[in-house]
Each structure stands twice: as structure tokens, then as C-alpha cells.
Amino acid sequence: MQLAFRRLLGWGPSAAAEEAEERNWRRHKWVIEPSRMGFFARVEEVWRYRRILWFFAIQRVKDRYEGTTLGPFWLFARPLMPIAISTLVFGQLLNVPSENVPYFLFFLAGSSCWRIFERSMLWVTQSLEAAKGLIKKVYFPRIIAPIASVAPAITEFAILFTLLVLSCVVYWIKDGVFYLRLGVGMLAGVAAVLLTCFFALAVGLWTSVLQVRHKDVRYSIRYVSQFWNYATPVIYPMSKIPAKYHILMYLNPMAPLVEMYKWGMLGIGQFPAKELASGLVISAIVFAAGLVYFNRSEAASVDKL
Amino acid sequence: MDSLVVENLGKCYILPGTGQDKQTSTFRQRLQPWRGDGDESAREFWALRDVSFRLEPGTILGIIGANGAGKTTLLKILARVIMPTTGRVVGVGRVVSLLELGAGFDPDLPADENVVMNAAMLGIPKHEALRRLPDIFEFAGVERFEGTPVKHYSSGMYLRLAFSVAINMNPQILLADEILAVGDQAFQEKCLQRIAEAAATGLTVLFVSHDMEAIMRLCNRAMWINAGQIVKTGEPEAVVDEYQNAVWSQADASRSEKGRRANRFAEVVAIRLVSAAGRDIGGAPISEDVFVKTRLNILKTHCKVRCALDVNTRGHLLFRSTDTDVHRLGDPGVYEILAKIPANLLAESLYTVTVSCIMTRHDEPQEFPLVAYNALTFIAFSTEDAAAPIAGRLQKPGLIAPKLEWTVRAEEANAARV
């Protein structure tokens, strides 16, 4: 039924296309060699296996949010707690400047983007280990595991964004000012999230393979991400950074992304154009090199799983 | 066109060494797993070496060999779970693998979702997988448990589901490792039949099993692998025979029964029960002659040997039979000693055999014993129809059941009168 409906809308492959694909699978000539597959062969392969990518992605999202009794409560409570505490410490006690919006909103926006990065990076890092049972029994392009494990970032974003909107409404009632920026600018915020996922995947390609052989990676990643958090303008605005340290904002791709998210959603700060360009170049390099590294180490690391 | 071509396939593992050199391995080396650990004391181990063969569609290849011979490694490479070190494989079509008693199931997911997942891995869309669900569950006999996470399945159910999923995905190549090890007789039968049917329509099967009976029945080709290399490929009958003969000559020192199994002159290599045709058998058919075959590895020249056989059952020594001759042996080497247990002697019971040999040397007066206590345990079974009146009513179960010769005739005096 659902399928017929989808076909009626012209959404999803036609029966003929599926038949052609089935024939292709039956006649597909595959080669196993110690030498690694070329880049385009890889891409083609991931496409052939796209169904399992989709299945894993949905599964990872379900894993994350299914099975809790309090369900929706946790979705919001989990990110809210640390934000509330930080607001109290940095906003109230230390009076960190927050660019003319309540510190709570400032911090919520900044840490939303950061949280998406941090969590995605963790998920990607653990992805091979999590799919170990399957990886040792059946074949699918291994890179599907890390890619699929970024999927929950989308729901994470939905939750954090809802939280931000709700908080803005509360402040609207309280202060009479609606801080949320409505308009095209928000697309910049969405773009920031997508780029954050991309960067998390880029880093994760390295860490996921490394952690198979070097347990240190698994342990240290949380510490590293804490330091990284402080090196990123989450609890403080980018404008507070002394000029001589501003170079760090170019080297840390997360800095412009967090700033861009705040700019997009709340309309605060500057659009970090130059820093963003630098960050994107770095992400692209990390990602490309990560692909190569993953591809090379895959076989040797899977043997060790 | 061949459905599977394997050329010079090899897989090398690096066994961890003493670890001393690990300190000296550079950080750089450790971050590049494809170059190895830099641990110089590590040893290479070739689980598979120079394996080449080609299979046509419809071939059912039985793969036999001792544990650790490389059978599973071969299947794992073909399933792409591990990457080969050398060589090349070219295949056509969808490959479905049943490795180590299981398919790629996620234990936390219910059976139906696992089917969808497996289908997705093989490029089969979800609606198609759902359409095949009833067939799959029916064949596996787990219809009532389709919503149950597979971690709650019994091992038999798990295996049945795995096989059913595999065969219903319309593969062109099926890799089956020991699928018959679990599962009852009825399901095994169903599996073998289904494999044979599918092979008739062009499915290529690689079937690993230790069940020689199943290999000979199902396969149309067999391959014997030992120490990572192909020893022989060909007709199942011939390969199985040769394999079993060779198993003989392997010293199984791992069997550590009590007793002096070795002395200065000789060591017992193996003791087996064989049929008149020389084939290894696990049980003795009562109506046929069977042989207790002892392999002795003689270490010195000019030895003399005399053997005895103790047969025990139900805690009793049934008999000891000693060779009436002393045999002179020539050069060192492996000798076979056969003791025939004639047909129609044993009862339907479990027998245990102890083999003892007395060794002497022409210039030494001393005798050296060689005893393999309880070296062999086998069951004797009747091949006659159990429903026959003789077996049930007129035979009483004793320790032995010799078939006596019966004659009925008239007494001479009586005969004269007639």
C-alpha cells in the first residue's frame, strides 16, 4: 500500500528500476584483491549498499531514543541540565558577556552546535565497535558504519532547536523581546549544523579506526573534547578573544561553525566569513585524508576487531 | 562462464611475538596498521596459501580438512569478512554466507527486522523482503516468534532462521560453514534437499563439513585442504577416501590415554576401527567383519612384535585375544596391525578395546610392553530389520551374540530305520 502510494507520487524507484537493479546484482562481477579499491569503485559500492546505510541510520536513531520509560522527558532534560548549571556559573556568577541576549539563550545556542559535534564524534568513533557483530559475519562497505552513526545528530538538532524556540518564547513572554531570528538567516544556522556533522564525521573516520587498535583513543576522546570545548567560543563570545590568539579561530573549524550558528539563529555576533573559509578547508582536508586512512587501515583493523 | 574463480589466494596473520621488540616500534609504525606492528619477533602464519580453483554454476563443493586447516578462512575471504594477503577472487552474483553458525543478525532486533536488514545488505528492497517473510518463517518453522528479538532464540531456531534467510535471498553463491552442526535430523534433511534443488538451478555452494556422509551425498565435487593448501580436488568419493586414509597417518599425540603408548622401539600412532574396505567407521555393523587397526611407528631395526587385544563391555573383560605369531619387522617405519573381529560375534552394545604389544629386539632378552588402554570405544549395531521376529523375540541381550551354526538332522540309528 505504502509502496503503491509512493510510486503514485513518483517518489522512490519504479518497479522496472528495481528489476533492473536485481538483474544487476545477479550479474554483478565482483573482485576480491588485497589491493584496495579505487575511490570511484568505493563510491559506487556505497551506492549499491545504500539500503543498509539507510537501515543502519534509522536503527542508530532508534537505539538512541527508544526504550526509555520517560521518553520525551529525557530528550529535553539531558541537554538542559548542564546548560542550566553553566548559565548559573558563567552567566550569573562570572558575568561572562553574551552579546545583548540573555546568557541562557547565548549559551544554549552555542552549546547546541557544540553538542551536536561532540556527540556525533563519539558515535562515529564507537561505530565500528558497535557494529562488530555484523562486521565479523557479513560484508558491507565498512565505511557505512561511521556514516550511518551520524544520523542521530539530526534528531539531536531537532530537540535542541525546539528547546531554543521554547526558551525564546519564554523570554518573549517575560521580557517582551523575541530573540529568535526569523528569516533566511536561519538557513545559515542549519548549514552550520550540516557542516558540523560533516566535520564530526571527518574526525570520526580517524578515531573510529584508531580506537580499534589503540584503546587510548576511546579514553582520551572525552578529555580532548572538553579542552576543545574551551577553545571554542561556546561559553564566551568570539569577540572576547584577544587579537593575538585570534589565529586559533582559523585553526579550529568548530569555532566559526558555533559562531555561525549563533549568528544564524539569534542574529548575534559577526558572520565569521574568513574563519569559516579556513575551517572548511581544514575539514575538507581532514575528511579526504580520513577517507584514505580509513580505506587503508580498514582491513588490518577489522582483523583486530 | 565460471561463477567463482580463485587464484593464488593466501592469508597471512602476524602472530604476536614475545613483545620485546614492541618497545622499539616507532609511533609512526603503530599508527599505520597496514604495515604491521614493527614487532620483529612476531611470526608469520599462513592460514591459507596458494589456493586456486574455479567453480561452474551449479557446483556443490564440499570442503574437508582437519580443524585449523584453513577452511573457514577461505570462506571468510570469499564472504569478504577478511581481506586476503595475496591472490585474487572473481565471482559473479550475490553471495550469501553462513559463517560460524550464524548469519549477520543483530541480536537485539526482532526476526523480521533482521530479515529486512539482511535483505538490505544484499540490495533487496524492503517491500520485497517483507513479501518473502512468510516463506522464510515457514521454512525455518519460527512463525510464532517473528517479533521476538533473535537473542532469545534457541541455537537451533537461530540456525534455521539463518539458513532460511540465506536460501530465500536468491543467492548465486552460498557459503555454508558447518551448518549441519546444529539442528535436528529433519531440518538437516530439509536443508540438504533445498541446497540440492537450488544447485540444480545454478546456485554454487561451498559447503564445509566434517560429516563425510553428507559431503558424499550432497556434493558433486570435493576439496581437501590441509595446512592452508589444497591437497586434492575431485570426485567426492575419491577425495573423502584419501582424506580419511591420511587422517590415519597423522600422529594424534593429542589423545593422551593412560598407558605406555611409546617406548624405545615404537610408538602407537593411532588405533581405529575400520571396515573390510579399509574405511574409517565409527560403529561396527554386527553382520560384517570389522578390523581394529593399530598403527605403530617403529623406530629401530630388527624389532619383533606380538600383539593382544582386550575387548571390554559393561565393565567386564569379555576376552583377550593374543596373536599366535611373533612378527619380525624389518626397517623402521610405520606398520599396520589389523585384528579382525568376525561378523556375527558382537552384541548390540558398547565395546572398549585395549591394545597391547610386546616388543623385543633380536639381541636383547628384555621385553618392552606397549599398552594403549581403552584406546578405542565403539558401538556395535544390528543392520538387520529390527522388526524381524528373530531380533526381538528370540535373542536375549548378552555381552556377545555369536551366530552359532545350527544343524538339524536325524540320528544315525534313526536314519537306518527310515
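Derivation of every value follows stated rules applied to the coordinates shown; laboratory data play no part. Just so it is clear, the structure is predicted and the values come from calculations on it, not from any experiment. So basically every Cβ, Gly included, is an ideal-geometry build from the backbone, and we count neighbours across all protein chains shown.
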Spin-label pair residue A:15/residue B:152, simplified geometry with 7 Å Cα→Cβ offset, distance in nm: 3.8 nm
First measure r as the distance between the Cβ atoms of residue B:350 and residue B:194, then evaluate 1/(1 + (r/R0)^6) with R0 = 25 Å and state the FRET efficiency to the nearest 0.05. 0.10
In nm, spacing of pseudo-spin labels at residue B:410 and residue B:130 (7 Å Cα→C-beta vector): 9.0 nm
Long-range amide H partners of residue B:60 with built H, under 5 Å: B:205, B:220, B:221
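Using Cβ contacts closer than 10 Å as the measure, can you line up A:18, A:275, A:66 from fewest to most?
Details: A:18 16, A:275 24, A:66 9.
Lowest to highest Cβ neighbour count: A:66, A:18, A:275.
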Label model pair residue B:304, residue B:1: point-to-point distance (7 angstrom along the Cα→beta-carbon line) in nm is 7.2 nm
Taking amide hydrogens as modeled 1.01 Å from N in the peptide plane, which residues meet the under 5 Å criterion relative to residue B:318, leaving out close sequence neighbours? B:311, B:312, B:313
If you average the alpha carbon positions of the stretch A:248-278 and of the stretch A:131-175, how far apart do those two centres end up, in angstrom? 21 Å
Report the extension gain between residue B:233 and residue B:363 in nm, rounded to one decimal, defined as 0.36 nm multiplied by the number of residues separating them, less their alpha carbon distance. 42.0 nm
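Quick one: net charge around residue A:266, please, counting Lys, Arg +1 and Asp, Glu -1 for every other residue with C-beta under 10 Å from its C-beta. Don't jump to the answer; show the numbers that get you there.
Numbers: positive: A:181, A:262; negative: A:99.
Neighbour charge sum, excluding residue A:266 itself: +1.
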Mean other chain Cβ within 10 Å across B:165-172 is 1
Chain A - mean residue ellipticity at 222 nm from DSSP helices (-39,500 (n - 2.57) per run, n ≥ 4, rounded to 500): -23500 deg cm²/dmol
Tell me, what HN-Hα J-couplings in whole Hz come from the Karplus equation 6.51 cos²θ - 1.76 cosθ + 1.60 at θ = phi - 60° for each residue of the stretch A:96-105, using x for Gly and Pro? 5, x, 9, 6, 6, 10, x, 4, 4, 5
